[in-house]
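First comes the structure, then the notes that go with it.
The values are calculated or read from the model by the stated rules, or taken from the named source; none is laboratory data. Here the structure is a predicted model, which means the values were calculated and not measured. FYI the Cβ positions are ideal-geometry reconstructions off the backbone, even for glycines, and counts take in every protein chain you see.
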Amino acid sequence: MGFYLNPNLSEEVISSDDLVVFLHAQRTAGSSFRRDVLGKTHGKEKIYAYQYIEGWENWHSVPEDVLENFGVFVGHSDFCKRIFSRKIHFITLLRHPVFRIFSLYDYSRKDDSSHFHYLAKNREILDFYREMMITSNARFNYFNNAMCRRVSGHYSFEAAISMIEKNFIAVGYCGKMALFSNWFSEKMGFGNIGIKSMEPDFFRYSDYLENEELVRTILKYNREDEKLFRFMNERFFKEPEDFFPWSEESGREEGSTNAPIISELKWKVVDGIEKYRILIKDKKNDQFVAKDIVEGGVYEINWTKELINNELMYRIQSQDEGVWNDLYGYKILEPTMEIVFSLLEEDERALLTKLQWEPVADSERYRVLIRNSKGLVSKRQTLQNEAYFDWGGAERSEKYIFRCQYLEAGEWKDIHKQYFEIEKPSKIFL
């Protein structure tokens, strides 16, 4: 078919009194669909888009009465479920995340009205992308995992698939725009409107694809969008896999990330020493959560929902003549983001905001400082260049900000001197 048609919703009639909500990430052919398809099926005067409406508001905040005389809402807005007096039909378009970034760069270079025009004109694409990520949290989110957020309100692949299956009548692929556009046009009572699909990105951006470091960097920060696109392509878009760059970790998705809840601690064994003791302590209350003895240099951690909410530290000891001696002092013990998300329910995941920053070479670890109007809220260390903020335990009316530091030679140094606002997920606005 070349696009996704929801079997539970596709038979619904879209009447002239209904509202079509087209949420999409930047550079996924949204402008073409708005202008060439929605413009013909509904007319420009019936489209609520920031290109046409002064004082345009995001999907989560625009009042229902403002949309009363419109048949379509269009925008770079994240999904959230809203209850209107009339029926709502969600649609979107997707694109491989690497090609989406390539397109953003080319667009920014060519269009002097772009917010990033000056930077794109004066930077090669890899430097441009890196600078966009470290300039602000808002820009980081603008460039990374935007498609998952558009369809679910969060950056999670699992949440994206769940929301698509529950709420989206159809999902198109910009590389097969003609198929999706003709279906929608016929759904609205029009015939084939003659939209052409664009040249395959694989050929259009062949020069950029030769930059392996660039491709790896984009995939590293767009893992959720990569999983979403691969899942949809394998099942619905049906483009050859060789047309797209994939990360080694991507694999084939089965409807969930299936992240393991077990991880391993490994250390170098000492000659002549068979038994080792692992001490795991919760830094929050200074209590031990595990004191286990194992043989060899591997210890399996079975992560639970309770454990991921702790600030864990661990140390390894070896036994010599009945006495336990430290191999090294306490180190940070933390789950990956994939493990965290595999242990949370959908509603819990929807209340998390991902914080991410550019890794620093030779950094020993990072520290995230979070503040609100009352002062410092938390100061948490991590080995990863990402963390999450849980709005479940936060004051919803408060504004939270964060900045990151890294440890080098025993001294904490700022990655950013300024604080950045932590965006509220769409769930907060329901």
Picked from region 183-206 (must be of a type in the set (A, V, I, L, M, F, W, C) and in contact (Cβ under 8 Å) with a residue 40 or more places away in the chain), the residue surrounded by the most Cβ atoms within 10 Å (Cβ to Cβ) is Phe184
Filtering region 366-396 for residues that are of a type in the set (D, E, K, R), closer than 20 Å to Gln418 by Cβ and outside any strand (DSSP E or B) leaves a count of 1
Checked pairs for region 401-420, first over 16 Å from Lys379 (Cβ atoms) and without any contact (Cβ under 8 Å) to a residue 24 or more places away in the chain, second crowded, with 17+ Cβ neighbours inside 10 Å and basic (Lys, Arg), C-beta under 9 Å and 6 or more apart or across chains, list as Lys417/Arg403; Gln418/Arg403
query: For Arg100, are the conditions met, namely being surrounded by 21 or more Cβ atoms within 10 Å (Cβ to Cβ), in contact (Cβ under 8 Å) with a residue 40 or more places away in the chain and touching a Cys at 6+ places or on another chain (Cβ under 8 Å)?
result: no
Scanning region 268-293 residue by residue, the ones that are part of a strand (DSSP E or B) and either closer than 13 Å to Leu327 by Cβ or of a type in the set (Gly, Ala, Ser) (or both) total 6
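Could you list, in sequence order, all residues of region 44-71 that are assigned to a loop (DSSP other than H, G, I, E, B) and in contact (Cβ under 8 Å) with a residue 24 or more places away in the chain?
The answer is Ala49, Tyr50, Trp59, His60, Ser61, Phe70, Gly71.
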All conditions in (1) under 24 Å from Phe143 (Cβ atoms); (2) surrounded by fewer than 20 Cβ atoms within 10 Å (Cβ to Cβ) are true of Pro240 except (1)
Expected output for region 207-224 (first residue in contact (Cβ under 8 Å) with a residue 40 or more places away in the chain, partner part of a helix (DSSP H, G or I) and small (Gly, Ala, Ser), Cβ below 9 Å, 6+ apart or cross-chain) is Asn222/Ala146; Glu224/Ala159; Glu224/Ala160
Original post:
What do you reckon, is Ser378 of a type in the set (Gly, Ala, Ser) and outside the structural domain of Val269 (by TED's automatic domain parsing)?
Top reply: yes
In this structure, is Asn325 outside the structural domain of Arg216 (by TED's automatic domain parsing) and in a loop (DSSP other than H, G, I, E, B)? no
*asked:* Tell me yes or no: at least one residue of region 365-380 is of a type in the set (S, T, N, Q) and crowded, with 18+ Cβ neighbours inside 10 Å.
replied: no
Condition set within 28 Å of the chain's Cα centre (by Cα) and without any contact (Cβ under 8 Å) to a residue 40 or more places away in the chain, scope region 25-43, selection surrounded by the most Cβ atoms within 10 Å (Cβ to Cβ): answer is Leu38
Those residues of region 112-168 which are part of a loop (DSSP other than H, G, I, E, B) and of a type in the set (Phe, Trp, Tyr) amount to Phe116, Tyr155
Subset of region 259-314, residues among the hydrophobic types (A, V, I, L, M, F, W, C), in contact with a Ser or Thr (Cβ under 6 Å, 6 or more places away or on another chain) and closer than 15 Å to Gly329 by Cα, comes to none
